[in-house]
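Read the structure below first, then the notes.
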Ligand SMILES: [Zn+2]
């Protein structure tokens, strides 16, 4: 079915389609007919409430629950609506409305650990996340990073040096738990353990025998070096990480797409940084846009302006969609 679609930046992004309003990852409580929650990262769940009519995957609702957010899912999806695996974290989805519009939400195209990448979807209008939409954000292949990190761990272990692997608690920390599971012992910080267990409950093959950092500390296991500790992202200046360095001589490693920027390592005050990301790099983004082959592209988040300019230079009708945009008429179109 072809319907008139209007995209506006009101509360996050709103879509009006066949008389239905859908708010996409709303930033605050919303009165829309449906609220689409792409995934269970906290910054995407700010607009949730108990009124229901939430469009999200079952996994997102489950993970949200574990983080203290109740997502009351809509009993039925509106006609023409489909949730598309966006490959960002477990349960993450994009929203496809007929062939008219595809909203990617946060997405990644590269398969890594237990995650499959997001595939392209042909659509008239593409609303694409553009966190790393700047030319210099190019990530090495996942296998290359994996090899380097394993080499680093091997080197440190041979010298009895413990290592702290850091990535956000939901998503990256499970990928790290999975990718480096052949090493022993591995301890995990509490919030990582909670999310690891939630993944295991959802059928992901992560080791269930990883001990919590607190238990390892209480049992005096941290004195027995080396070990790996997986924690949420912390600055090397934080009291926690500083104490791990001081007490155990631990080496710190951060995993983030931002690490492409040479200043990142110093800003975070970590020993090593790798660009293992749950987002697309610049080339992935351009490739995705080409393969979706849209007539119109809206870029959101990160380098939205720069990415839209690049897309224009290669022939796409693209513009950034800024949250809080007042010139709504700018963003009205008809197919
Ligand atoms: Zn996210």
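The values are calculated or read from the model by the stated rules, or taken from the named source; none is laboratory data. As the structure is a prediction and not an experimental result, all values here were calculated from the model. Positions of Cβ are backbone-derived with ideal geometry, glycine not excepted, and every protein chain shown enters the neighbour counts.
For residue 127, the criteria (1) out of contact with any helix residue (DSSP H, G or I) (no Cβ under 6 Å at 6 or more places or on another chain); (2) farther than 17 Å from residue 289 by Cβ; (3) within 16 Å of the ligand (Cβ to nearest atom) hold in every case but one, which is (2). Out of curiosity, is residue 262 assigned by TED's automatic domain parsing to the domain that holds residue 169 and within 16 Å of the ligand (Cβ to nearest atom)? No; evaluated as a whole, the condition is false for this residue.
Can you say whether residue 119 is assigned by TED's automatic domain parsing to the domain that holds residue 317 and either within 16 Å of the ligand (Cβ to nearest atom) or on the phi > 0 side of the Ramachandran plot (or both), as far as the supplied structure shows? The answer is no for residue 119. Taken over the range 201-214, the criterion of being closer than 13 Å to residue 173 by Cβ and either out of contact with any strand residue (DSSP E or B) (no Cβ under 8 Å at 6 or more places or on another chain) or in the same structural domain as residue 60 (by TED's automatic domain parsing) (or both) is satisfied by 204, 206.
If a residue has to be away from the ligand (no atom under 16 Å from the Cβ) and under 17 Å from the mean Cα position of the chain (by Cα) to count, how many in the range 276-302 make the cut? Result for the range 276-302: 3. Only helices (runs of 4 or more DSSP H) whose full extent lies in the range 133-219 are considered here, and the ones with at least 3 residues that are farther than 19 Å from residue 243 by Cβ are 142-158, 172-179, 190-201. Restricted to the range 207-225, and to residues there that are more than 30 Å from the chain's Cα centre (by Cα) and closer than 23 Å to residue 179 by Cβ, the residue that is surrounded by the most Cβ atoms within 10 Å (Cβ to Cβ) is 222. Could you go through the range 25-33 and let me know if any residue there is in contact (Cβ under 8 Å) with a residue 60 or more places away in the chain, away from the ligand (no atom under 16 Å from the Cβ) and surrounded by 24 or more Cβ atoms within 10 Å (Cβ to Cβ). Checked the range 25-33: no residue is in contact (Cβ under 8 Å) with a residue 60 or more places away in the chain, away from the ligand (no atom under 16 Å from the Cβ) and surrounded by 24 or more Cβ atoms within 10 Å (Cβ to Cβ). So how many residues does the range 142-159 have that are under 30 Å from residue 93 (Cα atoms) and touching a residue at least 24 places away in the same chain (Cβ under 8 Å)? Counting residues in the range 142-159 that are under 30 Å from residue 93 (Cα atoms) and touching a residue at least 24 places away in the same chain (Cβ under 8 Å) gives 4. Among the listed residues 75, 46, 31, which satisfies the condition of being farther than 28 Å from residue 180 by Cβ and either modelled with pLDDT of 90 or more or part of a strand (DSSP E or B) (or both)? Step by step, each of 75, 46, 31 is checked, and only 75 is farther than 28 Å from residue 180 by Cβ and either modelled with pLDDT of 90 or more or part of a strand (DSSP E or B) (or both). Going by the conditions given, is residue 140 in contact with a strand residue (DSSP E or B) (Cβ under 9 Å, 6 or more places away or on another chain) and buried (at least 19 other Cβ atoms within 10 Å of the Cβ)? It is false that residue 140 is in contact with a strand residue (DSSP E or B) (Cβ under 9 Å, 6 or more places away or on another chain) and buried (at least 19 other Cβ atoms within 10 Å of the Cβ). The residues on offer are 162, 111, and the sole one that is more than 16 Å from the ligand (Cβ to nearest atom), in contact (Cβ under 8 Å) with a residue 24 or more places away in the chain and closer than 20 Å to residue 286 by Cβ is 111.
Would a scan of the range 292-311 turn up a residue that is in contact with a strand residue (DSSP E or B) (Cβ under 7 Å, 6 or more places away or on another chain) and either at positive phi or assigned by TED's automatic domain parsing to the domain that holds residue 235 (or both)? Yes, because at least one residue in the range 292-311 is in contact with a strand residue (DSSP E or B) (Cβ under 7 Å, 6 or more places away or on another chain) and either at positive phi or assigned by TED's automatic domain parsing to the domain that holds residue 235 (or both). For the range 230-259, a residue qualifies if it is closer than 30 Å to residue 116 by Cα and either within 16 Å of the ligand (Cβ to nearest atom) or without any contact (Cβ under 8 Å) to a residue 24 or more places away in the chain (or both), and the qualifying residues are 232, 233, 255, 256, 257, 258, 259.
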